[in-house]
1. Under the 0.36 nm per residue contour assumption, what length would be gained going from the current alpha-carbon distance of E124 and R101 to full extension?
2. When a footprinting reagent is the concern and you count Cβ atoms within 10 Å, what order do F34, F122 take, fewest first?
3. Full extension from L144 to E4: what is 0.36 nm times the residue separation minus their Cα-Cα distance, to one decimal in nm?
4. Using only the Cα atoms of segment 3-122, what are the Rg and Dmax in Å?
5. I need C113, C79 ordered by Cβ neighbour count within 10 Å, fewest first.
6. With a point put 7 Å past each Cα toward its Cβ, work out how far I46 is from R90 in nm, to one decimal.
7. Order of T62, T97 from fewest to most other C-beta atoms within 10 Å?
8. For K153 and T73, what does the FRET efficiency come to when R0 = 41 Å and r is the distance between their Cβ atoms, rounded to the nearest 0.05?
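Bear in mind these aren't lab numbers, they're just calculated from the coordinates by the rules spelled out. Remember, it's a predicted structure, so these values are computed and weren't measured experimentally. Glycine also receives a Cβ, built like all others from the backbone with ideal geometry; neighbour counts cover every protein chain displayed.
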Amino acid sequence: MEAEQRRRLLEALRGLKKNRPVLRTQGLSQNEFFLLYHMKLRLEQIGEDAVRIGDLQTSTHTSLPAVSQSLGTLEAKGCVARRTDPDDHRSVRVALTEKGRRAIDDALAEAACVLERIEERFGEENMETLISLMERLSSALDELWEKDAAARKNKAAPRSAALRGAPLPSEYPGALPHILRSGREEADPNFMHEGE
């Protein structure tokens, strides 16, 4: 399997639930694995010994709070070290420690064994098709999740407006969020209209 195919297959497996044998190795969570993995790739790409946290956030497609939390855990494990950016003293850079390099190298070696077993199962001639389909599936699931999250957020807007005492938007005339209901309206359908 080519290095680029290995990278793409790892990324495609990231979105699947049954990926634990591949992505949870050497005492690393999936997020920690990918953070160290992307750090290693980025450091090799830029030829420096430390990366900006924002670069990690971009390359991992993860929220800044999630990146910071994983970095905190990795720092506590001794895998990364934070330091002030010499070019911008307001910014922080993160470097892999020797322990972090060993951890990601060992984890990638373990992952490579699992990826080779996948290749044996599907055949080298089918890997490109498999990876492409997995990437498409992962992308479709991400898109669906984002749409679903946006719909949930839109439904939550009236609830949170009502909780703050703000008027409900016009598209919710007469609506009262279920969280504020006491259950009395089920027993008495005129409950909401008393005193009007």
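1. Length gained, E124 through R101: 5.3 nm.
2. By the 10 Å Cβ count, ascending: F122, F34.
3. 47.7 nm
4. Rg and Dmax of segment 3-122, Cα atoms, are 14.4, 51 Å.
5. Starting with the residue having the fewest Cβ neighbours, the order is C113, C79.
6. Taking the two extended label points, one gets 1.8 nm.
7. By the 10 Å Cβ count, ascending, the order reads T97, T62.
8. Once rounded, the FRET efficiency stands at 0.90.
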